[in-house]
Amino acid sequence: QSGSHLRLYSAQDAARTTEKLSRHTAFSVVSEQLKSRSGETDLDAAIAQQKAGLHTPAEQAIHLAIPLLESQDLTFSRPQLLATAMETGGGKVSMADIDTTIQAQIRSGQLLNVPVAPGRGNDLLISRQAWDAEKSILTRVLEGKDAVAPLMDRVPDSLMTDLTAGQRAATRMILESTDRFTVVQGYAGVGKTTQFRAVMSAISLL
């Protein structure tokens, strides 16, 4: 409702109530949220910084296209990115603008170029975010190599009677490994959840 005053009743004292309300985003005015997100105390400066952070239409099209391509493979070709960004741009962004923006993001390091062997097709691209995430995961995995005793010397065959050969191999790898971290990769629907149930059943025997 409209009005200039609000009366609040609370079982707690005024200081405690005010402190709790200040932490609740629903009770933060827009100007305060802008200042908080930008780190600026001046409202005009906060608005200017937020505007500067907005994507151009071409940047937004690329921003939407990259996750679509990454759902198939972390690397993708420049023509693939260009074509997908044309689609996510809804036909409102020119191919030239998108291509220029792709080149700018390669120069700035937002997109990383992955050269391929001569005659093996187009060079590939990978987003900086995906590269850093993969590098972090692999670093953790390598740091945990041969770092722990295996959970089991041998997984009982009785726990794997309903598993495929690949699921049995993955189960043994997890439970018999001396590595702290084990990575299991597979497409949707190939049976990772079923295989993991076998792992949990084996762990329950320990």
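The values are calculated or read from the model by the stated rules, or taken from the named source; none is laboratory data. Predicted model, so just to flag it, every value in this text is computed and none were measured. Virtual Cβ from ideal backbone geometry, glycine too; neighbours counted across all protein chains shown.
If we keep just the residues of the range 153-169 that are in contact with a Lys or Arg (Cβ under 9 Å, 6 or more places away or on another chain) and part of a loop (DSSP other than H, G, I, E, B), which is surrounded by the most Cβ atoms within 10 Å (Cβ to Cβ)?
Among those that are in contact with a Lys or Arg (Cβ under 9 Å, 6 or more places away or on another chain) and part of a loop (DSSP other than H, G, I, E, B), it is V155.
Residue check: is D123 among the charged types (D, E, K, R), modelled with pLDDT of 90 or more, in contact with a helix residue (DSSP H, G or I) (Cβ under 8 Å, 6 or more places away or on another chain) and surrounded by 11 or more Cβ atoms within 10 Å (Cβ to Cβ)?
No; evaluated as a whole, the condition is false for this residue.
Looking at the range 100-119, I want the residues that are surrounded by 10 or more Cβ atoms within 10 Å (Cβ to Cβ) and modelled with pLDDT of 85 or more and have a partner that is polar (S, T, N, Q) and part of a loop (DSSP other than H, G, I, E, B) with Cβ atoms under 9 Å, at least 6 apart or on another chain. Which pairs are those?
What qualifies is T101/T56; A104/Q110; V114/T75.
When both residues are 6+ apart or on different chains and their Cβ atoms are under 7 Å apart, which pairs have a first residue that lies in the range 127-152 and is farther than 11 Å from T182 by Cα and part of a helix (DSSP H, G or I), and a second that is of a type in the set (D, E) and modelled with pLDDT of 90 or more?
Listed by first residue and then by second, the contacts come to A130/E70.
Show the residue pairs that are 6+ apart or on different chains and have beta-carbon atoms under 9 Å apart, the first residue being within the range 37-55 and at positive phi and modelled with pLDDT of 75 or more, the second being in a helix (DSSP H, G or I) and not polar (S, T, N, Q).
Filtered contacts from the range 37-55: G39/A46.
Looking at the range 71-99, which of the residues that are small (G, A, S), part of a loop (DSSP other than H, G, I, E, B) and touching a helix residue (DSSP H, G or I) at 6+ places or on another chain (Cβ under 9 Å) is surrounded by the fewest Cβ atoms within 10 Å (Cβ to Cβ)?
It comes out as G90.
Of the residues A130, A198, A188, only one is within 21 Å of S71 (Cβ to Cβ) and surrounded by 15 or more Cβ atoms within 10 Å (Cβ to Cβ); which?
Answer to the selection: A130.
One line per residue, one yes/no per condition, for (1) out of contact with any Leu (no Cβ under 9 Å at 6 or more places or on another chain); (2) outside the structural domain of G191 (by TED's automatic domain parsing):
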residue: I126; (1), (2): no, yes
residue: K135; (1), (2): yes, yes
residue: R140; (1), (2): yes, yes
residue: G144; (1), (2): yes, yes
residue: A147; (1), (2): yes, yes
residue: P150; (1), (2): no, yes
residue: D162; (1), (2): yes, no
residue: A165; (1), (2): yes, no
residue: A170; (1), (2): no, no
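Would you point out the residue of the range 175-206, among those that are polar (S, T, N, Q) and in a loop (DSSP other than H, G, I, E, B), that is modelled with the lowest pLDDT?
Within the range 175-206, the match that is modelled with the lowest pLDDT is Q185.
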